[in-house]
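A quick write-up on the structure given underneath.
The values are calculated or read from the model by the stated rules, or taken from the named source; none is laboratory data. Not measured: the values here are computed from a predicted model. Note that we place each Cβ from the backbone using ideal geometry, even for glycine, and neighbour counts take in every protein chain shown. Areas reflect the complete protein model, heavy atoms only, side chains present, ligands, DNA and RNA absent. Shrake-Rupley method; radii C 1.70, N 1.55, O 1.52, S 1.80 Å.
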Amino acid sequence: MNKLKINNKLVNFIIITLSVSPAFALTDDNKNLFLIGTMAILIPFVFIINPTRLSKIDLTLVSLCLFMIIFPLLGHPETMRWSTVLYSCMFCLYFMAFIRVLFDSTYSNDDLLKILKLLIYAYCIVLIIQQFCVLTGLPIFNLSNYSLKEPWKLNTLMSEPSHSARIIPVLMYLFVCCEEQQKMEEKLSIKESFKNSKLVWLSFLWCVCTMGSATAFIFMWIVFAKFINPQKILPTIAVCISVFIAIFYISENKSVLRAKKIITATLTLDEDKILSADGSGGSRIVPTIQAAKILGVTSKSDLFGYGIDADQKIIKPLPGFTKGQSGAFFLWINYGVIIAIIWWLFSLKICYIPGNFVSLLIWFLILFSYGGFNNQIVWMTLTILYTYKYIR
């Protein structure tokens, strides 16, 4: 029983380590030393007390790790960088360790609901403290990736504002899912959810509306899409369109205007227009377009990758950046299409909640479009979605 209780606390602790990135632990390139240290300690500890359990998840992730080592050595051995590959392996092993802890716990829907509520409150409280510091001229608490040109664009508990803008809506979406599960209701209306959890909703809305990130106004629709009723799809669409117009074409909020410009420009697929609309947002969208133009499935490099960090050399850097990027096709270019497909299928299976199309939207926006592998937002999303599906 003591072991089960300890594992319940470990589940919460692992979720927290993946959901926050304290400024004091960040390196110059935004590596989270707190998370890295935690992984280095917990991975061997968990595997020592759970040495034999194997699952399809283990086999898939171990295969990915092996391929990430073998493919660069076969295709472009001169690009092999062990620190990058071992960092990737640590994320895989951390997720495998988490699965073991979760299986050997009594973790419940109520437990997940509480930790999600705690994290949403924490993000809001830190943001309010930061806003107070900006208002009064005090040193800003937990500051990271800050620009004096945009004084109200604040990072709260992650390394930069756009990261928090992704995490907070995902946390809120899972909170609503857990709330439905707790009340044993097939579908909870937004009115009922707000009535039941006013403070959580106000914390969420305060964050997305005042943190100064255009990304937040895009990702907030993940939460509202949860309440779409298929049986009333036409009225729902009408309401959504009305709200969309009200927010994006009437509001004079700077972040809303930026979101409107970047969405409109992205629909054209014109790289120059996207970057002109919003340099920050465009730097996350344009690399995917650029990478798509050079991808294929016929050459050896297409199959096994162009080498580690090849995208930084193949793709021309964007204005203001020193290295090229490949966005959603990061794994394809650096490690090959085989690894990319395995990762996409694996992450899709972990994320997808049967009968819930919003989980597919989350997968597309974070696991696919966001790109990358050594990223705690990616693994946080996998972890909490898997936890919800497990307890469900």
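Here are the numbers for this structure:
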quantity: Hits in the range 1-30 (condition: part of a loop (DSSP other than H, G, I, E, B) and either at pLDDT 90 or above or within 19 Å of T383 (Cα to Cα) (or both)); calculated: V20, S21, P22
quantity: In the range 135-190, the residues that are outside any helix (DSSP H, G or I), closer than 11 Å to S213 by Cβ and among the hydrophobic types (A, V, I, L, M, F, W, C); calculated: W152, L154, M158
quantity: Test: residue in the range 161-169 that is modelled with pLDDT under 90 and either open to solvent by less than 40 Å² (accessible area, probe 1.4 Å) or within 20 Å of the chain's Cα centre (by Cα) (or both); calculated: yes
quantity: Every residue from the range 1-30 that is open to solvent by 30 Å² or more (accessible area, probe 1.4 Å) and among the β-branched types (V, I, T); calculated: I6, I16, T27
quantity: Any hit, the range 294-309, residues being open to solvent by 20 Å² or more (accessible area, probe 1.4 Å) and touching a strand residue (DSSP E or B) at 6+ places or on another chain (Cβ under 7 Å); calculated: no
quantity: Tally of residues being among the polar types (S, T, N, Q) and touching a Ser or Thr at 6+ places or on another chain (Cβ under 6 Å) across the range 105-144; calculated: 1
quantity: F91 among the hydrophobic types (A, V, I, L, M, F, W, C) and in a helix (DSSP H, G or I); calculated: yes
quantity: So Y87, is it among the hydroxyl-bearing types (S, T, Y), under 29 Å from Q182 (Cβ atoms) and either out of contact with any helix residue (DSSP H, G or I) (no Cβ under 7 Å at 6 or more places or on another chain) or buried (at least 17 other Cβ atoms within 10 Å of the Cβ) (or both); calculated: no
quantity: Search result, residues across the range 98-156 that are closer than 21 Å to K31 by Cα, crowded, with 19+ Cβ neighbours inside 10 Å and without any contact (Cβ under 8 Å) to a residue 60 or more places away in the chain; calculated: V126, L154, T156
quantity: Some residue of the range 204-221 being part of a helix (DSSP H, G or I), open to solvent by less than 70 Å² (accessible area, probe 1.4 Å), at pLDDT 85 or above and of a type in the set (S, T, N, Q); calculated: yes
quantity: Some residue of the range 170-189 being over 18 Å from S359 (Cβ atoms) and open to solvent by less than 30 Å² (accessible area, probe 1.4 Å); calculated: no
quantity: Condition check for Y386: of a type in the set (S, T, Y), in a loop (DSSP other than H, G, I, E, B) and not assigned by the TED database to the domain that holds I315; calculated: no
quantity: Residue within the range 31-43 that is of a type in the set (S, T, Y) and either more than 30 Å from L127 (Cβ to Cβ) or surrounded by fewer than 15 Cβ atoms within 10 Å (Cβ to Cβ) (or both) present; calculated: no
